[in-house]
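Structure record follows, encoded as C-alpha cells.
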2 protein chains.
Amino acid sequence: MVAHRPSTTICRFCAARPRGLCKDMQTEAEFETLQVLQYRTRSFRAGTQIYGPHDVKTHVYNITSGWVSLCHELPDGHRQISQFLTTGGLIGYRPVGQAFNGEIATALDEVTVCAVPSQHLSALLERQLSLNRRLIWMLGRDGLVTSHRLACVGQSKALTRVAYLLLELLIMTTGHTGHGDGTTVQLPLTQSHIADATGLTAIHVNRMVKQLRQDAIVDFHSSTLKVLNYSSLKQAAQVSQDVKEAWIIQSVPAPQSGGATA
Amino acid sequence: MVAHRPSTTICRFCAARPRGLCKDMQTEAEFETLQVLQYRTRSFRAGTQIYGPHDVKTHVYNITSGWVSLCHELPDGHRQISQFLTTGGLIGYRPVGQAFNGEIATALDEVTVCAVPSQHLSALLERQLSLNRRLIWMLGRDGLVTSHRLACVGQSKALTRVAYLLLELLIMTTGHTGHGDGTTVQLPLTQSHIADATGLTAIHVNRMVKQLRQDAIVDFHSSTLKVLNYSSLKQAAQVSQDVKEAWIIQSVPAPQSGGATA
DNA sequence: CGTGTGTTTGACATACCTCAAAGTCTGTGG
DNA sequence: CCACAGACTTTGAGGTATGTCAAACACACG
C-alpha cells in the first residue's frame, strides 16, 4: 500500500548514492519532499575531525561512504573509541536539552556525509513518521551495540576483546554474519585504534594480534583483515548470534497496524 | 499553545502516579487517549526477573517506582550490568527486527512498572508525535550514558570506576548535580552489583570502597551511600558536567518549528 | 541457634601496563 | 637512486593493578 522507491538510496535526506540499504525509505510524497530540500554532501579527509566534544552540533550527519570513529577523551588523556561507523551510520544526533555529548567524530579515511541541519531534522521529525521510525531504530541499535561492547570490555580478556572487535568490523563491512574463511576486508585502522576501542594498550593489542595470527584465526596486517578460521574467530570473540545481527544496519519495515485502536 | 496537564504524571501510558517528572507529557487529546487505554501496572518483588535474555519482549515497561538493573550474561558466566534505572526509566524496548537484545532486567527492590504491549506502542508511535519525541530522547540519552560508562570502564582505574558509578547513582537519585556534602541516599545494591557494573571483582570493589571511606570521600555501607566530600568525589570520578546532565531524566520540550518548510 | 548472604582481610598469582629500543614501511626531498 | 623522517609494528624486561583463593567476620532471618 505504500509506494516505495526502487530501494536504491542510502541517505533519506539527500536521497543520493545508490546501494542496497535503507529500503524502508519513504513514500512517494516524502521522497519528493526530501528531494526538494537537497541537503549538502560534505567530504572529510582521513584524520579530519568532523565534530569535537564541545562543538554545538549544528548538523546531523548520515555517512554515505568511508569510516568514522566516535571517541571520548578523558581528563587524564586516555581515549575510548565507543563506536566505529561506516556507510549508513548516523552521527551527531544529541538528545534535546543535552548541551554536548562529549564525543569526537573523526574521519578514518576519505568520508562523505549528508549533512542535515539539526533544526531541519527536528522539523522533519514532526512531519514524517518514517523518519521517526528510522531514528528510533538507529538509536535503539546503537544503544544495543554499545551495551554489548561494554559487556565485552568490562568482562573479557584481551584476546577476546580484540577478536570481538575484529569480528564486529568484519560483519559491519560484509553485511552478513555467516561468512566463511578466506575473506579479506580493508579497514582503515591501526593497532592503536583497536587499543582505544578495546581499552588496551597498543603494545598489548599487538601481542594479541600476533597470537591470533599464530593460532591461524585472523591475520590483521597493515589495514587488512584476513579471516583464516571463521568458526575459531566466533569462538574467540564469544558473541551470540543476536549480537551479530545488531551489527548490521537493516531496513525498518513499516509496522502492520493493530492494537491500541482506542 | 499546547495545553499541558498539571505536570504530575510520570507515566505517559497509564497516566498514573504523581511526581514532578515528564512535564512534556501530552496535549489534552493525547492525554485522554491514553487514559482510555488504561495500561496495567505490574509489580515485581526484589530479586525478581522482569524479563530474560531470550524472552520475546511482549511489553515495554515504564518504571514508576523502584530500581532495575539491565545485565548481560556472557557465555563464560561473567556478568556485566550495563545500566541501573529508576523511576521514569523505560526498559524492554528493542529495535524492530531485532530478535533479542540479550539483556536481563532484574528488580533490585520492590518495583512497579507500567506495562505497555509492544504492539500498542508501535501503534501509538504512529499517531502521537509527543511519544516519538519522548522515545527518541530516552534512547538517545541511554546511548549517551552507556557510551560514557564504556569510556569509564575501558580507560579508568578501579577507584575511578567505583567513584564514577556511585556519583552516577547519587545524581540519578537526587535528580540534580550540584549537591553538597552530607547527603545520604538508599541504594538497593550490594558490592557485587557494583562489581558487575564496573567490570571488577567484588573483592576489589570492597578494597576501593574501603579506600573511599578512608579518604573521607563517600561511605557506602549496607545499601546506604553517604557523601562525605562531594568535590573530592567529583574529582575521583573524573566526570565532566555534560555527563552528569545526561544522568538526569528530563522533560522534552516540544520543538519550536522552523526550518525545512519545503 | 543455625543458615545464608554480604563484607572484610590476607597471601599469592597473573594479566596487562610501562618503559625502552629495534625493526618495518611509506612518503619526501636531495 | 639514496637518505631521511615519521608513523606504525614488533620484541623484551620488569612493574603493578587487579584477579584468585581461602577464611574469618557481621548481620538478617527463620
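For the condition in the same structural domain as A:F44 (by TED's automatic domain parsing) and either surrounded by fewer than 21 Cβ atoms within 10 Å (Cβ to Cβ) or in a loop (DSSP other than H, G, I, E, B) (or both), A:Q119 qualifies. Within the stretch B:183-200, is even one residue in contact (Cβ under 8 Å) with a residue 40 or more places away in the chain, among the small types (G, A, S) and more than 14 Å from DNA strand D (Cβ to nearest atom)? The answer is no, given that none of the residues of the stretch B:183-200 is in contact (Cβ under 8 Å) with a residue 40 or more places away in the chain, among the small types (G, A, S) and more than 14 Å from DNA strand D (Cβ to nearest atom).
If I go through the stretch A:134-145 residue by residue, how many of them are of a type in the set (A, V, I, L, M, F, W, C) and either touching a residue at least 60 places away in the same chain (Cβ under 8 Å) or more than 7 Å from chain B (Cβ to nearest Cβ) (or both)? Can you show your working first?
Pass one, the stretch A:134-145, residues of a type in the set (A, V, I, L, M, F, W, C): A:135-139, A:144-145.
Next cut, either touching a residue at least 60 places away in the same chain (Cβ under 8 Å) or more than 7 Å from chain B (Cβ to nearest Cβ) (or both) only: A:137-138, A:144-145.
Residues that pass the stated criteria total 4.
Would you check if there is a residue in the stretch B:247-259 being within 14 Å of chain A (Cβ to nearest Cβ), within 16 Å of DNA strand C (Cβ to nearest atom), in contact with a Cys (Cβ under 9 Å, 6 or more places away or on another chain) and in a loop (DSSP other than H, G, I, E, B)? No: zero hits.
Do you know which residues across the stretch A:94-115 are assigned to a strand (DSSP E or B) and more than 9 Å from chain B (Cβ to nearest Cβ)? Before you say what the answer is, go through the steps one by one.
Our first condition is that a residue be assigned to a strand (DSSP E or B); within the stretch A:94-115, this holds for A:103-107, A:111-115.
Those that are assigned to a strand (DSSP E or B) and more than 9 Å from chain B (Cβ to nearest Cβ): A:I104, A:A105, A:T106, A:A107, A:V111, A:T112, A:V113, A:C114, A:A115.
You will find that of B:Q186, B:Q250, the residue that is under 23 Å from B:T87 (Cβ atoms) and within 15 Å of the chain's Cα centre (by Cα) is B:Q250 and no other. Filtering the stretch B:65-93 to residues that are hydrophobic (A, V, I, L, M, F, W, C) and outside any loop (DSSP other than H, G, I, E, B) leaves B:V68, B:L70, B:C71, B:I81, B:F84, B:L85, B:L90, B:I91. The one condition from (1) within 11 Å of another protein chain (Cβ to nearest Cβ); (2) in contact with a Lys or Arg (Cβ under 8 Å, 6 or more places away or on another chain) that A:N62 does not meet is (1).
Kindly evaluate A:L169 against the criterion of being modelled with pLDDT of 95 or more and within 13 Å of DNA strand D (Cβ to nearest atom). Full working, then the answer.
Values: modelled with pLDDT of 95 or more: yes; within 13 Å of DNA strand D (Cβ to nearest atom): no.
No: the conditions fail for A:L169.
Can we say A:A115 is more than 23 Å from A:A246 (Cβ to Cβ), in contact (Cβ under 8 Å) with a residue 12 or more places away in the chain and within 16 Å of DNA strand D (Cβ to nearest atom)? Lay out the reasoning, then the answer.
Values: more than 23 Å from A:A246 (Cβ to Cβ): yes; in contact (Cβ under 8 Å) with a residue 12 or more places away in the chain: yes; within 16 Å of DNA strand D (Cβ to nearest atom): no.
No, not satisfied.
Are there any pairs with C-beta distances below 7 angstrom linking a residue in the stretch B:118-133 that is facing chain A (nearest Cβ under 7 Å) to a residue that is in a loop (DSSP other than H, G, I, E, B) and crowded, with 18+ Cβ neighbours inside 10 Å, with the two at least 6 apart or on different chains, and if so which? Going by the 7 Å Cβ cut-off, the qualifying pairs are B:H120/A:A260; B:A123/A:A260; B:L124/A:A260. Going by the structure shown, is B:L187 over 22 Å from A:V153 (Cβ atoms), away from DNA strand C (no atom under 12 Å from the Cβ) and surrounded by 21 or more Cβ atoms within 10 Å (Cβ to Cβ)? When the stated conditions are applied, B:L187 does not pass them.
Every test in (1) facing another protein chain (nearest Cβ under 8 Å); (2) over 30 Å from A:S130 (Cα atoms); (3) surrounded by fewer than 20 Cβ atoms within 10 Å (Cβ to Cβ) is passed by B:Q80 save one, and that test is (3). Return a yes/no flag: does the stretch A:238-259 have any residue that is surrounded by 16 or more Cβ atoms within 10 Å (Cβ to Cβ) and within 16 Å of DNA strand D (Cβ to nearest atom). The answer is yes, given that some residue of the stretch A:238-259 is surrounded by 16 or more Cβ atoms within 10 Å (Cβ to Cβ) and within 16 Å of DNA strand D (Cβ to nearest atom). Among the residues of the stretch B:190-237, the one identified as within 12 Å of chain A (Cβ to nearest Cβ), within 11 Å of DNA strand C (Cβ to nearest atom) and surrounded by fewer than 16 Cβ atoms within 10 Å (Cβ to Cβ) is B:T201.
When A:L169 is tested against (1) under 18 Å from the mean Cα position of the chain (by Cα); (2) under 24 Å from A:D55 (Cβ atoms), exactly one condition is not met: (2).
The values are calculated or read from the model by the stated rules, or taken from the named source; none is laboratory data. Source: prediction; values computed, not measured. Backbone-built Cβ (ideal geometry, glycine too); neighbour counts: all protein chains shown.
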